[in-house]
Ligand code: SAH
């Protein structure tokens, strides 16, 4: 089993702000560390702390890269192996709330400090992906916020690969449509059901309600029955997105909107090309770290 390691360093508030958006070359590691910053003593607002959680013992190079991210790289890091705990939960327990436009996401360890008028969700880290901290989730939220800001309306929404349910909840609250959220992983659907209850998301098949299904891609009777959708969001990975281009595009209404994420910068061209073959044209790209979020629109003249 790969053990988890924590590296602790002093940092400044400015470092903490910067690290929210940019973890430099550490982002290129196979499993990038999860970085968490905190203010251990509110009476000393300039003395912050950085905890970086690594899977496996961090290499010397990784430690050097971590220190180079700080305005003062001289302190010696405290490097500890963690006991056999659920390190994802552990590392995310103190994660800062995030705000993307009108959306605000916080964990139960933080009180809801959402600015007035925002759409706020309580999502705890745990067994499913999607607490808003990852660049892809944040990119999709930003894209949804932009669409809501431009007055877009969607009545029939699909969140494919829902993880914690976060994007489906956000789309439903922003656009009020009926929503179906799916995931290949039954645990994710269990977690989404729990999160829906916590966040007062009405479950069901009607307008303003959410339905949940366990499904690989579009291969579920309910996903087919509810098509065509006017908004599909899929934050998966480039490979499956390319493989599923035909079936996902077919489930979209002519003129419908598709938001794709989970792809890396260098994969964006191939993903867009795969969807262009099915009448979906790239109209917007939003870059977060190395993870672009793509917005495509299906031609109004497309057959289906
Ligand atoms: N939508 C969430 C989670 C993204 S992680 C967010 O944006 O934060 C990707 C999710 O897609 C995972 O929960 C994974 O289980 C699911 N997934 C991966 N391949 C899939 C497939 N072929 N069909 C459906 N879901 C899939």
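The values are calculated or read from the model by the stated rules, or taken from the named source; none is laboratory data. These numbers were taken from a predicted model, which means no experiment stands behind them. With ideal geometry, Cβ positions are generated from the backbone for all residues, glycine too; neighbour counts draw on all protein chains shown.
Restricting the search to the range 16-59, which residues are out of contact with any strand residue (DSSP E or B) (no Cβ under 7 Å at 6 or more places or on another chain) and part of a helix (DSSP H, G or I)?
Passing the criteria: 17, 18, 20, 21, 24, 25, 26, 27, 28.
Quick test for you: out of 130, 151, 168, 139, pick the one residue that is under 27 Å from residue 228 (Cβ atoms) and surrounded by fewer than 24 Cβ atoms within 10 Å (Cβ to Cβ).
151
Condition first: touching a residue at least 12 places away in the same chain (Cβ under 8 Å), out of contact with any helix residue (DSSP H, G or I) (no Cβ under 9 Å at 6 or more places or on another chain) and surrounded by fewer than 22 Cβ atoms within 10 Å (Cβ to Cβ). Can you find one or more residues in the range 284-294 that meet it?
No, that holds for no residue.
Among 300, 277, which is the only one that is within 20 Å of residue 250 (Cα to Cα) and at pLDDT 95 or above?
From the options 300, 277, the qualifying one is 277.
When you check residue 62 against the structure, is it assigned to a helix (DSSP H, G or I) and closer than 20 Å to residue 82 by Cβ, yes or no?
yes
Of the residues in the range 147-167, how many are in contact (Cβ under 8 Å) with a residue 60 or more places away in the chain, on the phi < 0 side of the Ramachandran plot and either more than 10 Å from the ligand (Cβ to nearest atom) or within 11 Å of the chain's Cα centre (by Cα) (or both)?
Residues meeting the conditions: 9.
Considering (1) part of a helix (DSSP H, G or I); (2) at pLDDT 95 or above; (3) surrounded by fewer than 13 Cβ atoms within 10 Å (Cβ to Cβ), say which one residue 200 fails and leave the rest.
(1)
Considering the range 207-235 alone, what residues qualify as being touching a strand residue (DSSP E or B) at 6+ places or on another chain (Cβ under 7 Å), within 8 Å of the ligand (Cβ to nearest atom) and not in a strand (DSSP E or B)?
Hit for the range 207-235 is 215, nothing else.
Among 158, 167, which is the only one that is within 29 Å of residue 255 (Cβ to Cβ) and not in a helix (DSSP H, G or I)?
Of 158, 167, the one residue that is within 29 Å of residue 255 (Cβ to Cβ) and not in a helix (DSSP H, G or I) is 158.
Please find, within the range 253-267, the residue that is farthest from the chain's Cα centre (by Cα) out of those that are modelled with pLDDT under 95 and away from the ligand (no atom under 16 Å from the Cβ).
The qualifying residue farthest from the chain's Cα centre (by Cα) is 266.
How many residues does the range 127-137 hold that are within 9 Å of the ligand (Cβ to nearest atom) and either in a helix (DSSP H, G or I) or at pLDDT 90 or above (or both)?
Of the residues in the range 127-137, 2 are within 9 Å of the ligand (Cβ to nearest atom) and either in a helix (DSSP H, G or I) or at pLDDT 90 or above (or both).
Does the range 169-180 contain any residue that is farther than 19 Å from residue 117 by Cβ and near the ligand (Cβ under 8 Å from one of its atoms)?
Checked the range 169-180: no residue is farther than 19 Å from residue 117 by Cβ and near the ligand (Cβ under 8 Å from one of its atoms).
Given the structure, is residue 17 within 23 Å of residue 132 (Cα to Cα) and in contact with a helix residue (DSSP H, G or I) (Cβ under 9 Å, 6 or more places away or on another chain)?
The answer is no for residue 17.
I'm checking my understanding of the structure. Among residues of the range 30-41 that are in contact with a helix residue (DSSP H, G or I) (Cβ under 7 Å, 6 or more places away or on another chain) and more than 15 Å from residue 12 (Cβ to Cβ), which one is surrounded by the fewest Cβ atoms within 10 Å (Cβ to Cβ)?
By that ranking, first place goes to 32.
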